[in-house]
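The values are calculated or read from the model by the stated rules, or taken from the named source; none is laboratory data. These numbers come from a predicted model, not from an experiment. Cβ sites come from the backbone with ideal geometry, for glycine too, and all protein chains shown count toward neighbours. These accessible areas exclude ligands, DNA and RNA; they are computed on the full protein's heavy atoms, side chains included. Shrake-Rupley method; radii C 1.70, N 1.55, O 1.52, S 1.80 Å.
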Amino acid sequence: QVQLVESGGGLVQAGGSLRLSCAASGINFRYNAMGWYRQAPGNQRELVATITSGGRTNYAISVKGRFTISRDNAKNTVYLQMDSLKPEDTTVYYCNTFPGNPAYWGQGTQVTVSS
C-alpha cells in the first residue's frame with residue numbers, strides 16, 4: 001500500500017521560511033520522479049516543483065528562486081524548502097510522484113503565510 005505523508009506546514013509571516021517533508025512508503029522511491037503540488041479551495045491543483053530520480057529539478061515560475069526541492073533516497077523522503085514566502089503561497093501542499101498518480105494523494109500539509 002502506497003503512503004505519502006506530508007509534514008512541516010504551519011503559520012509563518014511573509015518573508016519567512018518553511019521546510020516541508022514527504023515520507024514515502026510502498027513505492028520504489030529512488031526510481032520515481034517526485035513532485036510537490038498545491039491546491040487552494042476552488043482552484044485546480046498546481047504543480048510547484050519536480051525532481052527526477054537523478055536529481056534534476058524544475059519549478060513553477062511563481063516559486064522559482066524562492067523554493068528548493070530535494071530528495072533523500074536513503075530516507076525515502078522528498079523535501080520542499082520554501083523561502084521568501086508570500087501570502088499568495090497560502091494553501092495546502094501535497095507530494096506525489098511526477099506525473100501524479102491519482103491513487104497516491106495524501107492529506108497534504110497546510111501552509112499559511114500572513115501579511
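Annotations for the structure displayed:
- Matching residues in the stretch 20-54 - criterion: being open to solvent by 20 Å² or more (accessible area, probe 1.4 Å), assigned to a strand (DSSP E or B), of a type outside the set (A, V, I, L, M) and closer than 18 Å to Ala74 by Cβ: Ser21, Ser25
- Of all residues making up the stretch 74-90, the number that are open to solvent by 40 Å² or more (accessible area, probe 1.4 Å), touching a Phe, Trp or Tyr at 6+ places or on another chain (Cβ under 8 Å) and at negative phi: 2
- Scanning the stretch 85-115 for residues that are polar (S, T, N, Q) and touching a strand residue (DSSP E or B) at 6+ places or on another chain (Cβ under 9 Å) returns Thr90, Thr91, Asn96, Thr97, Gln107, Thr109, Gln110, Thr112, Ser114, Ser115.
- If you filter the stretch 97-115 down to residues that are under 16 Å from Gly8 (Cβ atoms) and open to solvent by less than 30 Å² (accessible area, probe 1.4 Å), you find that the one that is modelled with the lowest pLDDT is Gly106.
- Residue check, Arg71 charged (D, E, K, R), part of a strand (DSSP E or B) and either closer than 20 Å to Asn101 by Cα or in contact (Cβ under 8 Å) with a residue 60 or more places away in the chain (or both): yes
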